[in-house]
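Readers should treat all values here as calculations from the given coordinates under stated rules, not as data from a laboratory. Please read these numbers as outputs of a predicted model, since none were measured by experiment. All Cβ positions, glycine included, derive from the backbone under ideal geometry; neighbour counts span all protein chains shown.
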Amino acid sequence: MADRLMLLDTASLYFRAFYGVPDSIRRADGTPVNAVRGLLDMIARLVVDYDAGLLVACWDDDWRPQWRVDLIPSYKAHRVAETVADAPDVEVVPDPLEAQIPMIREVLALAGIAVVGAAEHEADDVIGSYATGAAHPVDVVTGDRDLFQLVDDSRDVRVIYTARGMKNLEVLTAEVVVGKYRVLPEQYADFATLRGDTSDGLPGVAGIGEKTAAGLLGEYGTLDGLLAAAADPEGGVSASVRAKLEAAADYLAVAPTVVKVVRDLPLPTLEEAGARLAPVSGEDRATLEQRAEEWNLGSSVKRLLAALDTRG
């Protein structure tokens with residue numbers, strides 16, 4: 001059986017860990033380590049449960065790229081302006097989490113886990129580029145619905161969806177996407193464009209909700225197909241829908257570029273990135289065990305080491 005490549009939406013996971021693990025877990029100097037411990041536990045479980053042979057922790061070098069904001073100014077704007085209690089998808093990094101990011105990077109490096117980001121792009125784009133070019137079956141781990149557009153049964157690309165928590169992970173194949181939304185994965189970006197997505201600050205087309213968007217894509221296939229039909233008096237699009245599309249013309253001209261993940265970033269190869277999982281040995285293992293003691297990471301490091309030991 002071919003090695004499975006696991007692509008982590010890393011920020012999605014460490015935000016979830018931060019809000020899901022008590023912040024009373026701290027190292028000796030009082031710095032919280034709940035996000036570090038939670039993330040390591042997640043990775044340990046995911047590697048074993050989904051039999052990952054290669055893994056990349058995909059990184060947000062820019063979680064709100066200016067080129068996306070230039071096209072849709074509201075893109076993720078609420079995540080800057082608002083503080084939302086107990087919300088793992090809020091990207092404004094609280095100080096107690098900010099302090100843990102360097103620890104996360106150091107522990108991942110010591111564990112031999114590849115971390116890859118791309119300038120002016122989100123982790124979603126890194127994930128999209130690796131998933132599209134991969135010669136391996138792929139599992140994308142995220143709490144972000146945008147990445148449903150990557151699901152591809154013919155290439156065995158799945159999404160392991162974390163929105164309901166690590167105890168209720170959901171594996172999304174094309175059948176599951178269709179069952180949930182009545183659109184194919186390759187239609188999902190157009191579906192999200194029409195419907196809108198408040199979690200990303202996408203307004204959508206006023207008056208077109210989830211059911212209508214799915215129905216229109218079922219009939220016309222793509223957003224371009226729908227717009228072409230709407231521009232044709234004989235295209236069969238109702239006057240009401242045509243008016244809504246016309247009112248949203250400026251938005252529809254730019255939204256697909258914002259919503260669709262980039263699939264062709266010039267990234268390191270999996271080999272260059274060091275994506276192959278392997279037991280941690282020698283000085284790195286000793287240092288990691290030392291950090292576990294110094295930073296009160298305890299059993300989380302032990303579980304990660306045990307998971308990686310199975311990859312030898």
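How much length, in nm to one decimal, is gained on full extension between Met166 and Thr287, taken as 0.36 nm per residue of separation minus their Cα-Cα distance? All intermediate terms of the calculation are to be shown ahead of the outcome.
On the way: separation 121, 0.36 × 121 = 43.56 nm, distance 2.82 nm.
Taking Met166 through Thr287 to full extension adds about 40.7 nm, to one decimal.
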Packing-based exposure ordering (other Cβ within 10 Å, fewest first) of Ile101, Ile43: Ile101, Ile43
Förster-model FRET efficiency, 41 Å R0, Ala243 and Gln66, C-beta, rounded to 0.05: 0.80
Virtual paramagnetic centre 7 Å along Cα→Cβ of Ala231, amide N under 17 Å, in the range 184-224: 220-224
Rough spin-label spacing in nm, given labels placed 7 Å along Cα→Cβ, for Val80 and Thr31: 2.8 nm
Most mobile listed residue (Ala249, Ala189, Ala77) in the chain, GNM with C-alpha springs under 10 Å: Ala249
Order of Arg285, Arg158, Arg105 - criterion: other Cβ atoms within 10 Å of each residue's Cβ, fewest first: Arg105, Arg285, Arg158
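Could you size up the charge dipole of the range 185-259 around its Cα centre, putting +1 on the beta carbon of Lys and Arg and -1 on that of Asp and Glu, and report it in debye to the nearest 20?
Numbers: 4 positive and 11 negative charges, 45 e Å.
The calculated dipole for the range 185-259 is roughly 220 debye.
Under a point-charge model restricted to the Cβ atoms of Lys and Arg (+1) and Asp and Glu (-1), what is the dipole moment magnitude of the chain relative to its Cα centre, in debye to the nearest 20? Let's see the in-between values first.
Numbers: 30 positive and 50 negative charges, 162 e Å.
So the dipole magnitude of the chain works out to roughly 780 debye.
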Distance (nanometres) between label positions extended 7 Å along Cα→Cβ at Thr173 and Thr257: 3.7 nm
Average Cα contact separation per residue, the chain, under 8 Å, 6 or more apart, as relative contact order %: 25 percent
Rounded to 10°, Cα long-axis angle of helix 123-133 versus longest principal axis of the chain: 80 degrees
Percent of C-alpha pairs per 10 Å bin, the range 185-259, short to long: 20, 61, 18, 1
In nm, spacing of pseudo-spin labels at Ala306 and Ala119 (7 Å Cα→C-beta vector): 4.3 nm
The chain: antiparallel DSSP beta bridges as a percent of all, rounded to 5: 30 percent
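Can you pull a Stokes-Einstein diffusion coefficient for the chain at 37 °C (0.692 mPa s), Rh from Kirkwood over Cα pairs, as a whole number of µm²/s? Walk me through the numbers on the way to the answer.
Working: Rh = 20.6 Å.
Stokes-Einstein gives a translational diffusion coefficient of 159 µm²/s.
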Only Lys, Arg (+1) and Asp, Glu (-1) charged, at Cβ; the range 87-206 dipole about Cα centre in debye: 440 debye
Residue (of Leu217, Val258, Ala239) at the positive-pole extreme of the range 185-259, dipole from beta-carbon charges: Ala239
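Quick one: which of Lys76/Lys302; Lys180/Lys302; Lys180/Lys244; Lys76/Lys211 span more than 32 angstrom between C-alpha atoms? Please report the intermediate quantities before stating the final value.
Working: Lys76/Lys302 37 Å; Lys180/Lys302 38 Å; Lys180/Lys244 25 Å; Lys76/Lys211 24 Å.
As for pairs spanning more than 32 Å Cα to Cα, those are Lys76/Lys302; Lys180/Lys302.
What is the order of His78, His136, fewest Cβ neighbours within 10 Å to most? Provide the component values of the computation, followed by the final result.
Values: His78 16, His136 20.
Exposure proxy ranking, most exposed first: His78, His136.
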Extension gain from Glu272 to Ser24, taking 0.36 nm per residue of separation minus the Cα-Cα distance: 85.4 nm
